[in-house]
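Quick notes on the structure that follows.
The values are calculated or read from the model by the stated rules, or taken from the named source; none is laboratory data. In this text the structure is predicted, and so the values were computed from the model without any measurement. Cβ placement follows ideal geometry from the backbone for every residue including glycine, while neighbour counts extend to all protein chains displayed.
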């Protein structure tokens, strides 16, 4: 677990989680935000404190993503910015953005992976060229760029890519070496193979299900292995590093390791290090948040 002053899991239980994002910054008039949001992983667990939840800045009300709303209206909230504070890179920032889905533009469980990506990038003898698929609002992209790499940032959501570019500009990376691509991941990877493109490293954070900009259907258990095989071609099966994260029920560390090994390397001869992603409260309670496979370990 990484230490991050701008984030804290305060409590979880009864299908929800309570989190603090940001800190008070006197001159910038920023946050923090304390948010009460749905969390399937917290179902069946008891909250540690009833009183802590009363101090929430906002609460997402609704039974499922995209079927609810924030209370109070987000127009009443102070702006909040996160500073990931990675040890192996120059500082960068991410703007919090409460969305109708209940998301806010950042996944805190990825912070340890951003640290790992920054270290791997900094260790390369020459600036690595990185392929980032399902890249969302750019946390992994900025971790690589801040450590000296270049990135092809691919996501099917035009608004997600726009937010990622905004985060790069917020961080002062106006001339950063990033290609911003709004496209279906599998379709774009096939096109890169046909063009003879080559990459030094790959990052993937695929959803369980999804749609490309033109309605292309993504089903992880059908499409992940073919996509990883394309990534193997694009890195000539000799990547400097690979990060694959997953939040799909039924795909655990062993399954994710097998996907990465078979797809990128063509065999299980170079197994990645796998780990369970989680968030922890100050008293040590763990909230599962997916799995990751990293190569090299």
Report task. Please specify each residue of region 33-76 satisfying the condition of being within 19 Å of the chain's Cα centre (by Cα), crowded, with 17+ Cβ neighbours inside 10 Å and part of a loop (DSSP other than H, G, I, E, B). Result -> 39
Requested in this report: Looking at (1) surrounded by 17 or more Cβ atoms within 10 Å (Cβ to Cβ); (2) in contact (Cβ under 8 Å) with a residue 60 or more places away in the chain; (3) in contact with a helix residue (DSSP H, G or I) (Cβ under 8 Å, 6 or more places away or on another chain), find the lone condition where residue 109 falls short.
Outcome: (3)
Report summary line: Of 91, 98, 79, the only residue that is surrounded by fewer than 16 Cβ atoms within 10 Å (Cβ to Cβ), in contact with a helix residue (DSSP H, G or I) (Cβ under 8 Å, 6 or more places away or on another chain) and not in a helix (DSSP H, G or I) is 91
Requested in this report: Could you check how many residues of region 238-249 are loosely packed, with under 15 Cβ neighbours inside 10 Å and modelled with pLDDT of 95 or more?
Outcome: 1
Query raised in the report: Can you spot a residue in region 2-11 that is at pLDDT below 85 and under 19 Å from the mean Cα position of the chain (by Cα)?
Result: yes
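The rows are residues; the columns are (1) touching a residue at least 12 places away in the same chain (Cβ under 8 Å); (2) more than 30 Å from residue 49 (Cβ to Cβ); (3) in contact with a helix residue (DSSP H, G or I) (Cβ under 9 Å, 6 or more places away or on another chain).
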{"residue": "214", "(1), (2), (3)": "yes, yes, yes"}
{"residue": "230", "(1), (2), (3)": "yes, yes, yes"}
{"residue": "236", "(1), (2), (3)": "yes, yes, no"}
{"residue": "243", "(1), (2), (3)": "yes, yes, yes"}
{"residue": "254", "(1), (2), (3)": "yes, yes, no"}
{"residue": "263", "(1), (2), (3)": "yes, yes, yes"}
{"residue": "266", "(1), (2), (3)": "yes, yes, yes"}
{"residue": "274", "(1), (2), (3)": "yes, yes, yes"}
{"residue": "283", "(1), (2), (3)": "yes, no, no"}
Report task. Please enumerate the residues belonging to region 215-237 that are under 20 Å from the mean Cα position of the chain (by Cα) and crowded, with 20+ Cβ neighbours inside 10 Å. Result -> 218, 224, 227, 228, 231
Query raised in the report: Only one of (1) out of contact with any helix residue (DSSP H, G or I) (no Cβ under 7 Å at 6 or more places or on another chain); (2) closer than 20 Å to residue 115 by Cα fails for residue 167. Which number is that?
Result: (1)
